[in-house]
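To keep things clear, I will list the structure first and then write my remarks on it.
The values are calculated or read from the model by the stated rules, or taken from the named source; none is laboratory data. Quantities reported herein were computed from a predicted structural model and do not represent experimental measurements. Note that each Cβ is placed from the backbone with ideal geometry, even for glycine, and that neighbours are counted across all protein chains shown.
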2 protein chains.
Amino acid sequence: IVDNDPLDDPPLDFAATESFLRQAMTMILEDAVCEWHPPEELKELLDLELRDGGESEARILELCRDAIRYSVKPTHPHFFNQLFAGLEPYSLVASFITEALKPSLYTYEVSPVFTLMENAVLKKLIQTVGWEEGGDGLFNAGGSMSNMYAMNLARYRHFPEIKELGNSAAPRLAVFTSQECHYSISKAAALMGIGTKNVFVVPSDKRGKMIPSALEEQIKSVKSEGGVPFIVNATAGTTVLGAFDPIDEIADICEKYKLWLHVDACWGGAVLMSNKHKLLMKGIHRVDSVAWNPHKMLMACLQCSAFLVRDKTRLLQRCHSARASYLFQQDKFYNLSYDTGDKSVQCSRKPDAFKFWLMWKALGASELEQRVDRALAMARYLADEITKREGFRLLMEVAPVVKERMMKKGSMMVGYQPHRGQANFFRMVVISPQVSRQDMDFVLDEIHSLGKDL
Amino acid sequence: IVDNDPLDDPPLDFAATESFLRQAMTMILEDAVCEWHPPEELKELLDLELRDGGESEARILELCRDAIRYSVKPTHPHFFNQLFAGLEPYSLVASFITEALKPSLYTYEVSPVFTLMENAVLKKLIQTVGWEEGGDGLFNAGGSMSNMYAMNLARYRHFPEIKELGNSAAPRLAVFTSQECHYSISKAAALMGIGTKNVFVVPSDKRGKMIPSALEEQIKSVKSEGGVPFIVNATAGTTVLGAFDPIDEIADICEKYKLWLHVDACWGGAVLMSNKHKLLMKGIHRVDSVAWNPHKMLMACLQCSAFLVRDKTRLLQRCHSARASYLFQQDKFYNLSYDTGDKSVQCSRKPDAFKFWLMWKALGASELEQRVDRALAMARYLADEITKREGFRLLMEVAPVVKERMMKKGSMMVGYQPHRGQANFFRMVVISPQVSRQDMDFVLDEIHSLGKDL
């Protein structure tokens with residue numbers, strides 16, 4: 001039927017590629033140090049062009065090797081640049097299984113196992129948050145999406161007609177969040193037709209925590225100008241300073257003004273695993289929704305982002321549903337509440353909960369708790385050491401130069417940023433149990449060494 | 001510093017877990033047939049509960065084995081249930097590499113290799129679409145997100161002030177799409193504050209193609225009622241019937257009324273790889289944006305979803321940017337145009353382009369073309385066989401029962417749905433080169449066998 005391509009035999013024999021997979025696997029597991037090159041140089045080193053003809057298996061393995069060699073390794077113990085780091089082997093195996101099986105979480109029929117696992121993880125996280133009557137939720141492609149979902153549910157609860165009629169049929173809605181919040185709040189307001197100018201930025205104290213009295217003042221002020229407050233976003237673990245907004249006090253205000261309270265705990269949610277530190281999120285059981293990324297401090301593979309909602313009236317489903325008849329047939333032979341696809345704005349959705357489920361199974365809550373405690377203790381150690389070392393405040397002003405040198409040397413990665421008009425400073429993110437006290441000392445020595453002539 | 005947990009040594013020794021990874025890998029590569037169980041029964045079979053204590057490595061491998069055993073395998077040759085199927089080994093290796101390296105695509109600094117690879121793939125796809133002056137784009141967490149991006153860019157181009165002020169400061173915007181379009185258009189309109197009632201559904205002909213004259217009538221009618229049309233979504237490869245809207249004729253109308261033309265080619269985009277079939281998308285070089293998922297007919301691992309935009313004025317960046325100072329520092333030591341993070345609504349973003357890049361490298365455009373041609377020829381063979389077999393029209397009315405029987409037997413998976421008030425019918429999705437003519441015959445025999453007593 002097609003020239004030179006009979007339909008009778010499958011042209012792809014998977015068994016024959018098994019040895020290729022095994023070789024590639026060996027390579028992935030080899031340790032390698034990052035080798036920095038600027039874009040134009042790296043383009044020369046990588047053979048990027050896509051051609052008409054294919055290449056040999058040996059050549060493909062070379063290309064894989066190059067991709068690994070020249071990549072930055074967030075899995076390396078000296079990577080402190082982002083709010084994720086390290087490599088959790090159980091979670092990695094779960095990632096590999098999901099990549100190989102290609103499940104997608106719209107219907108129970110297509111993903112029976114991962115639907116049930118997602119339910120099990122959500123149930124456990126909801127218990128950990130402390131919602132005694134349960135709740136609902138799903139895993140999203142990142143915390144930005146979870147924060148947006150919170151905003152959409154809050155809008156839907158206040159003004160269900162907006163789903164059909166749009167914001168042009170509604171008053172000017174107002175969002176409240178602290179000046180230290182993640183930028184996804186602003187991105188969500190832009191995308192959702194709420195508008196970035198309707199995101200009201202509440203001042204934080206010098207430690208980075210939202211000031212509740214300032215929040216109440218702003219709510220009053222916006223209302224007096226005709227705006228309609230509908231959601232407050234509190235942050236548990238801010239991106240730059242790692243501050244925890246005072247949830248309990250903010251919840252009092254939200255109750256008073258009948259506002260949805262969402263907590264962006266993408267980074268800080270992990271402290272809920274720790275009896276020693278969970279007081280940082282006192283009041284979390286009172287909030288309406290939580291975004292929590294186990295791919296950050298709990299080290300699940302990217303991405304693993306839970307969105308939790310306290311509502312028990314199928315709000316998530318009602319807000320997001322489109323009821324596609326080809327996918328969500330109503331004459332199925334099993335309980336349709338297991339078809340979770342219409343709770344999501346995505347269509348295909350990956351079973352990211354499995355990555356966390358498997359590592360929890362292997363480690364248990366007790367080991368997760370110890371890891372959180374250890375990471376916080378490590379950060380404390382580093383802070384103490386810095387106060388002991390001369391020259392470290394001064395160094396802040398030369399951060400971009402030190403950063404360039406550390407990248408080119410490839411020795412480690414630490415992010416820097418200015419903050420509220422002050423000079424650039426290095427932000428150390430300490431997560432992984434692969435990191436030891438010696439690594440903390442290495443970081444300080446290395447920053448000193450890279451910047452001592454400046 | 002923490003009780004019983006010295007900071008001096010890393011508690012996680014990755015090398016020690018290597019044997020675990022290798023064992024798991026062996027298991028993933030084993031073939032296994034789906035074993036169907038209803039939710040309550042499967043809950044009993046899986047040990048879902050998350051506990052305080054961890055479990056042994058042997059037990060974790062057992063759990064992995066169960067997860068694989070009871071999962072549906074979209075990779076099996078007899079899976080025809082979704083618009084993706086089969087397993088592409090090169091793409092799978094790329095998936096494994098990205099899972100193991102944990103890259104995220106906001107800055108060049110963190111993902112130098114994958115930033116350049118994404119650029120290379122986008123460039124090639126843009127050439128394939130036929131935009132001679134180039135364009136822009138990125139890979140998203142699914143086609144629904146790409147369709148939403150198109151809608152947001154179109155809105156931003158027409159009314160840039162909505163980003164700051166929201167839709168309540170704007171007129172009632174109107175979206176046009178065919179009655180056969182994907183449900184993500186409606187979901188995007190709901191989330192974006194445009195409203196599902198402002199999505200105007202244009203009639204399709206009996207083959208499922210949008211009727212251009214009906215589109216123009218609707219545009220006129222909406223304008224006369226005070227609505228403001230701003231985007232038309234055409235579909236290349238509709239979800240249920242696989243129809244291609246007539247892009248060239250729709251482009252004429254969009255030019256006349258100055259509307260953004262987006263093509264949802266998530267499913268059908270693959271025909272652009274085929275000289276024989278690309279005429280199905282005649283006029284694609286004239287459109288403003290395209291969503292194209294190589295994870296569907298081109299078999300890249302999930303997810304691999306390209307969003308392409310013809311604009312050359314940094315519209316994607318301007319529309320979505322939030323300019324977070326901690327991530328997108330302006331005093332960096334390399335060309336900042338390689339920091340793509342602010343083009344996205346996501347924060348962490350996976351390097352999905354790599355999965356397609358590596359398989360293209362291995363196979364070449366010529367092999368990709370042959371696969372597309374073969375899949376379309378296979379579908380033609382099946383259609384011809386059906387007309388020859390007695391009883392196949394009648395069977396439509398018993399689709400739910402046949403479906404239940406095929407799931408419980410675990411022999412194959414084919415989706416069914418009603419269409420425009422007609423009875424349920426089976427939708428065969430033919431993609432993978434693992435599938436042969438014998439499999440087509442098997443499907444017909446099996447449907448006959450499962451339903452012959454009905």
* **Complete set of residues in the stretch B:231-250 that are surrounded by fewer than 23 Cβ atoms within 10 Å (Cβ to Cβ) and at pLDDT 95 or above** => B:246, B:248, B:249
* Name, by its number, the condition in (1) buried (at least 24 other Cβ atoms within 10 Å of the Cβ); (2) closer than 25 Å to residue A:203 by Cα; (3) more than 10 Å from chain B (Cβ to nearest Cβ); (4) under 20 Å from the mean Cα position of the chain (by Cα) that does not hold for residue A:179. => (1)
* Asked: Can you name the number of the only condition in (1) more than 9 Å from chain B (Cβ to nearest Cβ); (2) under 25 Å from residue B:58 (Cβ atoms); (3) aromatic (Phe, Trp, Tyr) that residue A:357 fails?
  -> (1)
* **Scope the stretch A:33-60; condition touching a residue at least 40 places away in the same chain (Cβ under 8 Å) and surrounded by fewer than 16 Cβ atoms within 10 Å (Cβ to Cβ); matching residues** => A:33, A:35
* Asked: Can you spot a residue in the stretch B:77-89 that is over 25 Å from residue B:297 (Cβ atoms) and aromatic (Phe, Trp, Tyr)?
  -> no
* Go over the candidates B:366, B:432, B:449, B:337 one by one and state the one that is out of contact with any strand residue (DSSP E or B) (no Cβ under 8 Å at 6 or more places or on another chain) and not in a helix (DSSP H, G or I). => B:432
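Quick one: would you say residue B:195 is touching an Asp or Glu at 6+ places or on another chain (Cβ under 7 Å), farther than 21 Å from residue B:284 by Cβ and in the same structural domain as residue B:282 (by the TED database)? Explain how you work it out, then say what you get.
On the way: touching an Asp or Glu at 6+ places or on another chain (Cβ under 7 Å): yes; farther than 21 Å from residue B:284 by Cβ: yes; in the same structural domain as residue B:282 (by the TED database): yes.
Spelling it out, residue B:195 is indeed touching an Asp or Glu at 6+ places or on another chain (Cβ under 7 Å), farther than 21 Å from residue B:284 by Cβ and in the same structural domain as residue B:282 (by the TED database).
Considering only residues of the stretch A:137-188 that are of a type in the set (Lys, Arg) and either in contact (Cβ under 8 Å) with a residue 60 or more places away in the chain or in contact with a His (Cβ under 7 Å, 6 or more places away or on another chain) (or both), which is nearest to residue B:187 (Cα to Cα)? Give the derivation first.
Looking only at the stretch A:137-188, we keep the residues that are of a type in the set (Lys, Arg), and these are A:155, A:157, A:163, A:172, A:187.
Narrowing further to those that are either in contact (Cβ under 8 Å) with a residue 60 or more places away in the chain or in contact with a His (Cβ under 7 Å, 6 or more places away or on another chain) (or both): A:155, A:157, A:163, A:187.
Numbers: A:155: 15, A:157: 17, A:163: 9, A:187: 18 Å.
The qualifying residue nearest to residue B:187 (Cα to Cα) is A:163.
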* Asked: Limited to the stretch A:77-100, what total is found for residues that are more than 8 Å from chain B (Cβ to nearest Cβ), under 19 Å from the mean Cα position of the chain (by Cα) and farther than 23 Å from residue A:350 by Cβ?
  -> 2
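How many residues does the stretch A:113-148 hold that are of a type in the set (D, E, K, R) and within 17 Å of residue A:338 (Cα to Cα)?
First, the residues of the stretch A:113-148 that are of a type in the set (D, E, K, R): A:118, A:123-124, A:132-133, A:136.
Next, only the ones that are within 17 Å of residue A:338 (Cα to Cα) stay: A:118, A:123, A:136.
Total satisfying the criteria: 3.
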* Asked: So which of B:324, B:306, B:375, B:362 is within 7 Å of chain A (Cβ to nearest Cβ) and closer than 30 Å to residue B:184 by Cα?
  -> B:324
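Does residue B:426 satisfy being in contact with a Gly (Cβ under 9 Å, 6 or more places away or on another chain) and aromatic (Phe, Trp, Tyr)?
Criteria met by residue B:426.
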* the stretch A:122-176, subset farther than 17 Å from residue A:287 by Cβ and among the acidic types (Asp, Glu), residue surrounded by the most Cβ atoms within 10 Å (Cβ to Cβ) -> A:164
* Structure fact -> Within the stretch B:389-434, restricting to residues that are within 16 Å of residue B:242 (Cβ to Cβ) and among the hydrophobic types (A, V, I, L, M, F, W, C), the one that is farthest from the other protein chains (Cβ to nearest Cβ) is B:428
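Please go through the stretch A:352-405 and give me each residue that is among the basic types (Lys, Arg), under 23 Å from residue A:268 (Cβ atoms) and touching a residue at least 12 places away in the same chain (Cβ under 8 Å), ordered by number.
Across the stretch A:352-405, the qualifying residues are A:355, A:371, A:374.
How many residues are in a loop (DSSP other than H, G, I, E, B) and more than 29 Å from residue A:280 (Cβ to Cβ) if we restrict to the stretch A:177-192? Break it down into steps so the answer makes sense when it comes.
Of the stretch A:177-192, the ones in a loop (DSSP other than H, G, I, E, B) are A:179-183, A:192.
Filter once more, keeping what is more than 29 Å from residue A:280 (Cβ to Cβ): A:192.
Residues that pass the stated criteria total 1.
Would you point out the residue of the stretch B:186-215, among those that are within 13 Å of residue A:164 (Cα to Cα) and among the hydrophobic types (A, V, I, L, M, F, W, C), that is surrounded by the most Cβ atoms within 10 Å (Cβ to Cβ)?
Applying the filter and picking the extreme gives B:194.
Give the number of residues within the stretch A:376-426 that are more than 28 Å from the chain's Cα centre (by Cα) and either at pLDDT 80 or above or not β-branched (Val, Ile, Thr) (or both). Break it down stepwise before answering.
Of the residues in the stretch A:376-426, the ones more than 28 Å from the chain's Cα centre (by Cα) are A:384-395, A:397-398, A:401, A:405, A:409.
Retained after the next criterion (residues that are either at pLDDT 80 or above or not β-branched (Val, Ile, Thr) (or both)): A:384-395, A:397, A:401, A:405, A:409.
Within the stretch A:376-426, residues that are more than 28 Å from the chain's Cα centre (by Cα) and either at pLDDT 80 or above or not β-branched (Val, Ile, Thr) (or both) number 16.
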* When residues of the stretch B:228-252 are filtered for being more than 18 Å from the chain's Cα centre (by Cα) and not acidic (Asp, Glu), how many remain? -> 9
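Among A:370, A:329, which is the only one that is out of contact with any Lys or Arg (no Cβ under 8 Å at 6 or more places or on another chain) and assigned by the TED database to the domain that holds residue A:271? First the steps, then the outcome.
Working: A:370 fails: assigned by the TED database to the domain that holds residue A:271.
Step by step, each of A:370, A:329 is checked, and only A:329 is out of contact with any Lys or Arg (no Cβ under 8 Å at 6 or more places or on another chain) and assigned by the TED database to the domain that holds residue A:271.
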* Structure fact -> When restricted to A:44, A:118, A:132, the only residue at pLDDT 85 or above and over 26 Å from the mean Cα position of the chain (by Cα) is A:44
